[in-house]
1. Cα-Cα over 19 Å: which of K82/K136; K42/K63; K100/K127; K246/K285; K86/K136?
2. Mean residue ellipticity at 222 nm from the helices of the chain, using -39,500 (n - 2.57) per DSSP H segment of n ≥ 4 over the full residue count, to the nearest 500 deg cm²/dmol?
3. How many percent of Cα pairs in the range 1-117 exceed 18 Å?
4. Per Stokes-Einstein, at 20 °C and 1.002 mPa s, what whole-number D in µm² s⁻¹ belongs to the chain, with the Kirkwood radius over Cα pairs as the hydrodynamic radius?
5. In a Gaussian network model over the chain where Cα atoms closer than 10 Å are linked, find which of H85, H286, H15 has the largest mean-square fluctuation.
6. Among the aspartates and glutamates, which have Cα under 19 Å from the Cα of K143 when same-chain residues fewer than 8 positions away are ignored?
7. Between the range 85-151 and the range 223-300, how far is it from one alpha carbon centroid to the other, in angstrom?
8. Within the range 131-157, find all residues whose amide N lies under 16 Å from a label point positioned 7 Å from the Cα of E188 along Cα-to-beta-carbon.
Amino acid sequence: MKKTCLDCGEFREHHARGMCQKCCNRKRYLNNLEKAKENSRKYYAENSEEMKAYNKKYYVENKKIIKERNGKYRLKNLEKYKEFHKRYYAENLEKIKIQKKQYDATHKDEKRKYYLENKEKIRAYHKKYYLENKEKIKVYSKKYRLENLETLRARRRERRKRHEGQYKAYYLKNKEYYKEYGKKYRLERKEEEKARKKKWALENPDKMRETSLKRRGYGTPEKGIMGKIVTENILKYGIITCEKCKKQCHESSEYEIDHIAPLSKGGNNNYSNLQVLCSFCNRSKHADIADYRDNKSCQMSLRT
């Protein structure tokens, strides 16, 4: 028997409570929403493989319709859609990362092919997104760099090692640009660079001493020469000690490597022309030629 439905107002076949079958079913579902969801989850868990196969088949057969429907829904409920995805991403971050890694590993060729086919389109999209979210990206990038500093450095070193030839060729091609950029960068961050260099010098005293030996026009010292000089001194005295005043140097900043014959008087960076002196003795020696090593047998044995 046909009647006017009390819910939708259309003249349809009467089902129950003055409503058509469609409206009656919808109302029953809304009144028992949690129970219906639980039943759906239970059914899906019991028949997961069958449901997956059915959903996959349905998607393949109705791909165009599904995309259109999803697109319309997304435009209609954009804020709701964004909020849901934001919440889901925050709750399932680790799971999403693992899934992404697995997908990237298994679909590498497909992703590469898609990128090559849509190169300009992807670049245009990224450019547009960057311009619209410039400040947001800067804040996120800075935060990410600070949180993953060591990982990024290791990745950069690995990449440079892998593409050493390409990096070298690019640098030689753009040498002037790099010089200008470096000069400008250092001038803009003068105090920061000064503090960084000071910190590095305190953390790497041996490297600083070796670097100070590489003076322009006097040649590069032999690799590992600093270690040999210091080892010889420790074998001789048991602790790093000044060859002149015999003061024990407990801190790395207390001793220096001195040229017996100064570079200004024809001296060189050879092993036989270097000795350990404390900071005071090295500065008070000035440009004199003076060998304070009273026992040279240890040095001779190390050299051989």
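Laboratory data are not the source of any read-out in this text; all were calculated from the coordinates shown. Keep in mind the model is a prediction, meaning the values are calculated, not measured. Here the Cβ is made from the backbone with ideal geometry for all residues, glycine too, and neighbour counts use every protein chain on show.
1. Numbers: K82/K136 17 Å; K42/K63 27 Å; K100/K127 23 Å; K246/K285 15 Å; K86/K136 16 Å.
Flagged as over cut-off: K42/K63; K100/K127.
2. On the way: 17 runs with 207 residues, N = 304.
Here the helix-only value at 222 nm equals -21000 deg cm²/dmol.
3. For the range 1-117, the fraction of Cα-Cα distances above 18 Å is 78 percent.
4. Values: Rh = 29.1 Å.
Rounded to a whole number, D works out at 74 µm²/s.
5. Taking springs between Cα atoms under 10 Å, the residue moving most is H15.
6. E94, E135
7. Cα centroid to Cα centroid, the span is 55 Å.
8. Residues 138-139, 142 qualify, since their backbone N sits under 16 Å from the label point.
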